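The numbers here are math on the coordinates, done by the rules we state, and not lab data. Small disclaimer: the values here were computed from a predicted structure and weren't measured. All Cβ positions, glycine included, derive from the backbone under ideal geometry; neighbour counts span all protein chains shown.
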Amino acid sequence: MDEPFKGTNVKDTFEASLAILERFSSKANFLFMFSSHQVELGEKLSDTASPVDCRYFAAIEAEDRLRFDYQLRLGVSTQRIGMRVLREEGVFEILDKYSQATE
């Protein structure tokens, strides 16, 4: 599952995702892949004896533009790159130009 419940509020997304992960993790011989930007899920699962194996991709931030090597790392990412992605893709620049044109 990729980003399930992303169309709802953050609290419901967290609670629904956690409920699914807890149920799937209780099954023997079961492989399930789940992607989420809900960092709190990893924190909650690491607080318990959960058999969930968390992995992440890291962004290489030391260059002019973000780069990914697509190597899975153990754990949960602590990177926060959303604002940088918006800047690099020129989203703010486009919005600023549009708002100036309509003033």
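Please state the charge dipole magnitude for the chain, taken about the Cα centre, from unit charges on C-beta atoms (+1 on K and R, -1 on D and E), reported in debye and rounded to the nearest 20.
Details: 13 positive and 18 negative charges, 65 e Å.
With only Lys, Arg, Asp and Glu charged at Cβ, the dipole is about 320 debye.
At 222 nm, what helix-only mean residue ellipticity would the chain give, in deg cm²/dmol to the nearest 500, using -39500 (n - 2.57) for each DSSP H run of four or more? Don't skip to the answer; put the middle values down first.
Values: 4 runs with 42 residues, N = 103.
That calculation yields -12000 deg cm²/dmol at 222 nm.
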Q: State to the nearest 20 debye the size of the charge dipole of the stretch 1-53 about its Cα centre, where the only charges are +1 on K and R beta carbons and -1 on D and E beta carbons.
A: 160
Q) Roughly what angle does helix 91-101 make with the longest principal axis of the chain, taking Cα atoms, 0 to 90 degrees, to the nearest 10? A) 40
**Q.** the chain, relative contact order in percent, only Cα pairs under 8 angstrom and at least six apart counted
**A.** 19
Q) Once all Cα-Cα distances of the chain are split into 5 Å bins that start at 0, what whole-number percent is in each one? A) 2, 10, 17, 18, 16, 13, 10, 7, 4, 2, 1, 0, 0
Q. Within the stretch 14-32, what residues put their amide N at less than 16 Å from the label point 7 Å along the Cα-to-Cβ vector of Glu3?
A. 14, 17
Q | Along each principal axis, Cα extent of the stretch 47-92, largest first, Å | A | 43, 21, 13
**Q.** Rounded to 10°, Cα long-axis angle of helix 10-25 versus longest principal axis of the chain
**A.** 30
